[in-house]
Structures are given as structure tokens and as C-alpha cells.
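Quick notes on the structure that follows.
The values are calculated or read from the model by the stated rules, or taken from the named source; none is laboratory data. Quick caveat, the model's predicted, so the values are computed rather than measured. With ideal geometry, Cβ positions are generated from the backbone for all residues, glycine too; neighbour counts draw on all protein chains shown. Heads up: the accessible areas ignore ligands, DNA and RNA and are worked out on the full protein's heavy atoms, side chains in. Shrake-Rupley method; radii C 1.70, N 1.55, O 1.52, S 1.80 Å.
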Amino acid sequence: MIRLQIVERHGAGLYRSLVRAMRSGELRTFNVARRGRKVTHANPSYTGWINWSASGGVITCEVLSPRKPGTEWRLLSALVGRLADKYADRVHSINVQFPGLPVVRPSGRKRPKPRRKR
């Protein structure tokens, strides 16, 4: 799962514009369902969906792909790319979070001992 927060510019109405564009077919990359709360990609090879809601000028998203874990990045990339292409003037900032992923820490191994010269 990847979490995403899109902060819109003051008075931009980005959430409503996106939902309206998806429903009307103007934005053909994505489809909207569940009263505008669930977004899927138009291409079936992009497995998963995006749950989102808007409040106070912030669109909160969760990108999920339970059938193929680890492919959430494809939906994320498509969404951010589309926002940058068509709606950049309405977006103030985008915050991406990766909750629940394991933290990769360096192994506790020490450097190998130097070999003795013979």
C-alpha cells in the first residue's frame, strides 16, 4: 500500500474536477466508482485501485494492489504523471508515504579481515 496526499491550490476544486473529468470521459486514463471514492486504471494490466477522499483542500489517497503486491507504483506513477500533465496549475504539493514496508538496515557484518602476507 502507498499513501498519497495531494494538496490543491486555494480554491482550485481539484477533487471535483478530477471526478467530473473521469465520469465525462475527458480523463480517459482512469475510471471512477463507488460515488467517486474508488479509482481504477482504464488499462486492465494496471491491477489494483485507489481509494480517495477530499477534505479541506487535501485529497488523501491509498493505492492498493492486493492481487499483485508490489505493483502499486504503476498506479502511483500514472496518477502523478496525469496530475503533472493536465492539472499542474491546480496542485500545490504531493506527499508520498510508504507505510508498512520493511526497513532495510545494513547487515551487522564487519569488514573482512585483511589477509596476511606470506
Using the Cα centre of the chain as origin and beta-carbon charges of +1 (Lys, Arg) and -1 (Asp, Glu), tell me which of 40, 95, 83 is placed farthest towards the positive end of the dipole. 95
Top of 31, 95, 51 by mean-square fluctuation, Gaussian network on the chain, Cα under 10 Å: 95
Treating the Cα atoms of region 1-64 as identical point scatterers in vacuum, please give the log10 of the normalised Debye intensity I(q)/I(0) at q = 0.25, 0.30 Å⁻¹, two decimals. -1.15, -1.36
In debye, nearest 20: dipole of region 1-102 around its Cα centre with unit charges on the Cβ of K, R (+) and D, E (-)? 360
Please give, to one decimal in nm, the separation of the simple spin-label points placed at residue 97 and residue 80, each 7 Å out from Cα toward the Cβ. 1.6
P(r) over all Cα-Cα pairs of the chain, 10 Å bins from 0 to the longest distance, whole percent per bin, short to long, reads 12, 40, 25, 8, 6, 5, 3, 1
Where the accessible area of region 1-116 is counted over protein heavy atoms with a 1.4 Å probe, how much of it, in %, is carbon and sulfur? 50
Rank 76, 27, 64 by mean-square fluctuation in a GNM of the chain with C-alpha springs under 10 angstrom and give only the top-ranked residue. 27
When only C-alpha pairs under 8 Å and at least 6 residues apart count, what is the relative contact order of region 1-79, in percent? 33
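Taking all protein chains together and a probe of 1.4 Å, list 67, 20 from the most accessible to the least accessible.
Values: 67 215, 20 150 Å².
Heavy-atom accessible area, descending, gives 67, 20.
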Skip the ligands, DNA and RNA, and give the accessible area per residue of the chain with a 1.4 Å probe, whole Å². 75
